[in-house]
Every structure is written in structure tokens, then in C-alpha cells.
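*Asks:* The structure under discussion is supplied below as C-alpha cells; questions concerning it will follow.
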Amino acid sequence: MGKKITARDGPVLGIDSSAAMFEKLKHESSRLQQGWHPYDAFNFLLTAWHLFEDWANSDDPRALCRMKRQRQRLPHLMNFVLDIVRDLVNGSKHFHLTPGTAAKRRVGEVHTGEEVGFYEYFFHENLPAVTVEDHWYFSIRVLNNVMVRYFEWTFDDSTPVEDFPRDLLEAISYCNIVNRSGGPSPAVWLLGIESAYGRKT
């Protein structure tokens, strides 16, 4: 039996909840990690943004996973990464931005991963990446790690809103090259780094 579309319901095929959308994101993350292809990067970022921005409205207003997607409840650093994902999605979907959207843009430069520059030398990753405010550097590998970890926390009902993952904040902070502290690289930041050296397209 099908589902009649009424009132303000949107027709969907197979994905009818935030939890199902998160499963889609994990599937796209898995594909992305197999080769860091731009098509998979596009799909992953688009799903991540809509899971944050739009699909929260499909959940009960009292649901923990909905509260964890409210910007005012998130740390500044997580909102910073969400702005980067928003910029990449808007740019990828629309190419030319409206004046209002362009005024909010945080991303200052997009790297193909094929250049020979400071960041490529420093990280030894030949992956697509972005530079934000001249000294923040996020490769697609790191954005993948950060967003998957964020949504793991989002859909973990055993963790309160106030208990934002410290390992996630450390991974984001590590992307600030100018103010990076010494010591080992954060575990979330390191995930998948082996596949970043020999990318295939």
C-alpha cells in the first residue's frame, strides 16, 4: 500500500526520517572514502547539510536529535564548520551566489588537491580542500570525519545536548594552522588519512 501525499507532506522515496537520512549519509561517507571522488564529495556534503538544516523539522520538537541541530545550542567551532558545509553546498548547487548569500560566505579558497602549495606540502594530502580566513584548512577527508562524528553524537540519545564531544572540538581546532598546538594529531582528524596519499579518481 502506498502513502497518499496530503497537506504539506513532501513525497519521498525510501527516506522518511532523519535516522534514515543519517543512514544515507553514512553510505555516502563510505563511498567517499573509497576514492574521494568529487561526485561523492558533492553527494555527501549535500546530504550532511540537508540532514542538519531541513530534516530536523521531521523530528518531534522535544527529540534530542532535533535539539542537537539547533545552532544556538552548538559550540562556535561546530557552527563554523556548518558554515563551511553550507558554503560548499550553495556553491555546488547554484555556482553563482546571491549578494546576501555571498556576504555570509566563509570559504576563501578552494583547492583541487592537485596544486603544489603550502597546505599540500604541510598535509601531504592531494585531496580537494578549502581554506577559510587564510589559516583554517579543511580537506574533504577532514570534513567527512567531522560531519560523521557530529551526526553520531546527534543521534546518540544517551548523550545530552550539553555534552558536546571534546574529540570533535579538538579535531576542528587542529584545522587552525596558525594556532595549532603541539602534540599528537586528534583521532577524529586522523581518520582515513592513509587513503589521502594515493587518491584515485
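Please treat every number below as a calculation from the coordinates, not as lab data. Here the structure is a predicted model, which means the values were calculated and not measured. Quick reminder, even Gly has a Cβ in these numbers, built from the backbone with ideal geometry, and neighbours come from all protein chains shown.
*Asks:* Could you grab the relative contact order for the range 18-196? Cα pairs under 8 Å, six or more apart, rounded to a whole percent.
*Replies:* In percent, rounded to a whole number, it is 22.
*Asks:* How far apart, in nm, are two points set 7 Å out from the Cα along the Cα-to-Cβ line at Glu114 and at Asp157?
*Replies:* Placing both labels 7 Å beyond Cα along the Cβ direction yields 4.8 nm.
*Asks:* Kindly put Val132, Val110 in sequence by how many other C-beta atoms sit within 10 Å of each C-beta, fewest to most.
*Replies:* The order, fewest Cβ neighbours first, is Val110, Val132.
*Asks:* Separate question: Taking the beta-carbon count within 10 Å as an exposure proxy, list Tyr150, Tyr39, Tyr174, Tyr137 from fewest neighbours to most.
*Replies:* Tyr39, Tyr174, Tyr137, Tyr150
*Asks:* Given a Förster distance of 25 angstrom, what is the FRET efficiency for His76 paired with Arg31, based on the Cβ-Cβ distance and rounded to 0.05? Don't jump to the answer; show the numbers that get you there.
*Replies:* On the way: r = 31 Å, r/R0 = 1.23.
Approximately 0.20, to the nearest 0.05.
*Asks:* Another question, if that's okay. With r defined as the distance between the Cβ atoms of Lys104 and Met67 and R0 fixed at 22 Å, what FRET efficiency is calculated, to the nearest 0.05?
*Replies:* Numbers: r = 24 Å, r/R0 = 1.09.
The calculated FRET efficiency here is 0.40.
*Asks:* Further question on the same structure: Quick check for you: which residues of the range 134-167 have the amide N under 13 Å from the point 7 Å beyond the Cα of Asp54 toward its beta carbon?
*Replies:* none
*Asks:* In which sequence would Asp83, Asp54 go, from the one with the fewest C-beta neighbours within 10 Å to the one with the most?
*Replies:* Asp54, Asp83
*Asks:* List the aspartates and glutamates whose Cα lies under 14 Å from the Cα of Lys68, skipping any in the same chain that are fewer than 8 positions away.
*Replies:* Within the straight-line limit of under 14 Å, Lys68 reaches these aspartates and glutamates: Glu53, Asp54, Asp59, Asp60, Glu152, Asp156, Asp157, Glu162, Asp163.
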